[in-house]
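J.: Please read through the structure below; I'll follow up with questions.
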């Protein structure tokens, strides 16, 4: 007597004997000893067929015309598509609650013990909504998977809704989270397929388990807003050579032809990887500024002076009585009750922050060191006394390095950290770090050391031209470009070349639509004055004459006209958003705006990848150090990309 086969995998296999089955798609024999279907399910994944697909997150799937070309289901395999359609119809049949709900509208349900019992249960939609909320709570708050099985959590859920049973740890980890990840990844693929230019940032990170991870983030502009998505945080178990990094950065989203540039740190393997991929490589400006600041440690005058300050800071942070006495002196001198900061060489701007806090709390530190409760211990530990000369050096250091610290904050912020900021900031630093007649020897050495490090950066001609064009297309810095005529001529040639290619591909319709946009852009944003009877009578003839006049204008004339108007417009305030400005003036500059968006999406630093590491550190923590890298990638992806 045959045993009933209930698994949906048998829709694609026929039983051969007790140990094997034949695939109906490729006729391959697959082992199924003891009725095990794991090998058959693994075989179907090669045909892009998923069995037991979780439908909980299907309602979050983005529907778009581009989804068919960039989605997860291939349209080139009709057998797979038909199979998935069959699975979907069978899945609907296995969910009688949905069928019952649809029939309830047309016919009156007969009251029976079964219908009365069904009223005490959640509907399928309600249960799936609860599953989505629980999964989002675990992922967004970075809770361990075991929390859904903890007695306190289940007791709380039972109190809130006695009809709902939370998912098990296995179902959450192996079904709900992967299902949500697949849906959101498909949504991002669809969204990226609809933009023209994308910039990437990439950086590496080592977890608490000493596993190396590589994070890639994508940046693009949609309707004047800068958007950011984390593409992957993948574990790498090979030596991080340039060839290996190039393979890891390989495009899994089909956007290789849209990448404008990649912002990475100054590591040599990153340089080799980007050259192999043939992308524009931009060094992280924040990392460059940090390297210039760290070069001060190589000066003997600075290292010896900083060592004396650091010794006092370390001693006061470790001594319990020193903390008590310091707090008393702060109250007495009416200083802010701030703790002292210790510098860490791998942390950006930590030396500046330590000395800034030292200058703020210097009176309290001096008063505490003279207190009888601390003098004996300080003499015993042979701590060097701080002098007024140390304090003056700290003040000079803060006044000099504050501009460098502020520059790091500018390119590390989340709001419009575009690559067009790099050259204006470098020019600002060059003027600030130039040696003046009244500078002391200590200040002069600091300036020479920092600028000698910065002056070596961004000297490549290709990168320099890229940054100059990005600066010119940033409405905040367009008047701060070196060699104005050369850069604007380069932009003009680029626009003419791109416009000529588009016209060859699109024909006259594109020219007509662009002329219509220019005609609309000439209208003022305010309410138009009322037309005279003569203007109303000949309105059609006048509009036709304008269209003919603009259509007769060559591409070169249109480009020159847009560039001239753009250069004459006053710069945007530094608080303005360049992407939003170009979006609002897109009709006035139809050719120039598209080129500007391709440069504005390029990031000045790789700090977006650095921010992902903070979430990754909370995900792969000592309490959950055994989490699989694939699950960690899913959690980080969903945590950073989903609201």
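J.: Output the number of residues of segment 235-292 satisfying the condition of being in a helix (DSSP H, G or I), within 28 Å of residue 450 (Cα to Cα) and without any contact (Cβ under 8 Å) to a residue 60 or more places away in the chain. Working first, answer last.
T.: First, the residues of segment 235-292 that are in a helix (DSSP H, G or I): 242-248, 256-258, 268-277, 285-292.
Next, only the ones that are within 28 Å of residue 450 (Cα to Cα) stay: 268-272, 274, 285-292.
Cutting the leftovers down to without any contact (Cβ under 8 Å) to a residue 60 or more places away in the chain gives us 268-269, 271-272, 274.
The number of residues fulfilling the criteria is 5.
J.: To continue, here is another question. Consider residue 385 carefully, then state whether it is assigned by TED's automatic domain parsing to the domain that holds residue 297, in contact with a helix residue (DSSP H, G or I) (Cβ under 8 Å, 6 or more places away or on another chain), without any contact (Cβ under 8 Å) to a residue 24 or more places away in the chain and on the phi < 0 side of the Ramachandran plot. Let's see the steps before the verdict.
T.: Working: assigned by TED's automatic domain parsing to the domain that holds residue 297: yes; in contact with a helix residue (DSSP H, G or I) (Cβ under 8 Å, 6 or more places away or on another chain): yes; without any contact (Cβ under 8 Å) to a residue 24 or more places away in the chain: yes; on the phi < 0 side of the Ramachandran plot: yes.
So residue 385 passes the test.
J.: If you don't mind, there's one more thing I want to ask. For residue 480, work out the one condition from (1) part of a loop (DSSP other than H, G, I, E, B); (2) at pLDDT 90 or above it doesn't fulfil.
T.: Here residue 480 meets the rest and fails (2).
J.: Right, here's the next one. Of all the residues that make up segment 272-299, how many are under 21 Å from the mean Cα position of the chain (by Cα) and farther than 20 Å from residue 417 by Cβ?
T.: Of the residues in segment 272-299, 2 are under 21 Å from the mean Cα position of the chain (by Cα) and farther than 20 Å from residue 417 by Cβ.
J.: In segment 553-578, which residue that is buried (at least 20 other Cβ atoms within 10 Å of the Cβ) and under 32 Å from the mean Cα position of the chain (by Cα) is nearest to residue 219 (Cα to Cα)?
T.: Checked segment 553-578; the qualifying residue nearest to residue 219 (Cα to Cα) is 578.
J.: Then there's this: Return yes when residue 196 is at negative phi, surrounded by fewer than 16 Cβ atoms within 10 Å (Cβ to Cβ) and in contact with a strand residue (DSSP E or B) (Cβ under 6 Å, 6 or more places away or on another chain) and no when it is not.
T.: no
J.: Restricting to segment 154-179, name every residue that is part of a helix (DSSP H, G or I) and touching a helix residue (DSSP H, G or I) at 6+ places or on another chain (Cβ under 6 Å).
T.: The answer is 169, 172, 173, 176, 177.
J.: Also: Check off (1) at pLDDT 85 or above; (2) more than 24 Å from residue 222 (Cβ to Cβ) for residue 540 and give me the number that stays unchecked.
T.: Of the numbered conditions (1) at pLDDT 85 or above; (2) more than 24 Å from residue 222 (Cβ to Cβ), the odd one out for residue 540 is (1).
J.: Report yes if some residue within segment 232-245 is at pLDDT below 90 and either buried (at least 20 other Cβ atoms within 10 Å of the Cβ) or not assigned by TED's automatic domain parsing to the domain that holds residue 258 (or both); otherwise report no.
T.: Looking for residues that are at pLDDT below 90 and either buried (at least 20 other Cβ atoms within 10 Å of the Cβ) or not assigned by TED's automatic domain parsing to the domain that holds residue 258 (or both), one finds at least one in segment 232-245, hence yes.
J.: Can you pull out every residue in segment 49-60 that is over 17 Å from residue 172 (Cα atoms) and exposed (fewer than 15 other Cβ atoms within 10 Å of the Cβ)?
T.: Listed by number, the residues that qualify are 59, 60.
J.: Could you please find all residues in segment 8-65 being touching a residue at least 40 places away in the same chain (Cβ under 8 Å) and at positive phi?
T.: Scanning segment 8-65 gives a single hit, 52.
J.: Can I ask one more? If you scan segment 327-352, which residues turn out to be under 31 Å from the mean Cα position of the chain (by Cα), touching a residue at least 40 places away in the same chain (Cβ under 8 Å) and part of a helix (DSSP H, G or I)?
T.: Residues satisfying the conditions are 351, 352.
J.: How many of the residues in segment 425-449 are surrounded by fewer than 17 Cβ atoms within 10 Å (Cβ to Cβ) and within 34 Å of the chain's Cα centre (by Cα)?
T.: 5
J.: Among the residues of segment 404-449, how many are over 30 Å from residue 228 (Cα atoms) and assigned to a helix (DSSP H, G or I)?
T.: Within segment 404-449, residues that are over 30 Å from residue 228 (Cα atoms) and assigned to a helix (DSSP H, G or I) number 12.
J.: I'm told residue 303 meets every condition in (1) touching a residue at least 12 places away in the same chain (Cβ under 8 Å); (2) touching a helix residue (DSSP H, G or I) at 6+ places or on another chain (Cβ under 8 Å) except one. Can you identify the failing condition by its number?
T.: For residue 303, the exception is condition (1).
J.: Right, something else. Return a yes/no flag: does segment 314-324 have any residue that is crowded, with 19+ Cβ neighbours inside 10 Å, over 36 Å from the mean Cα position of the chain (by Cα) and closer than 29 Å to residue 385 by Cβ.
T.: Yes, some residue in segment 314-324 is crowded, with 19+ Cβ neighbours inside 10 Å, over 36 Å from the mean Cα position of the chain (by Cα) and closer than 29 Å to residue 385 by Cβ.
J.: While we're on this one: Is it true that residue 64 is surrounded by 12 or more Cβ atoms within 10 Å (Cβ to Cβ), part of a loop (DSSP other than H, G, I, E, B) and at pLDDT below 80?
T.: On the way: surrounded by 12 or more Cβ atoms within 10 Å (Cβ to Cβ): yes; part of a loop (DSSP other than H, G, I, E, B): yes; at pLDDT below 80: yes.
Yes; evaluated as a whole, the condition is true for this residue.
The values are calculated or read from the model by the stated rules, or taken from the named source; none is laboratory data. This one's a predicted model, so the numbers in the text were calculated from it and none came from an experiment. FYI the Cβ positions are ideal-geometry reconstructions off the backbone, even for glycines, and counts take in every protein chain you see.
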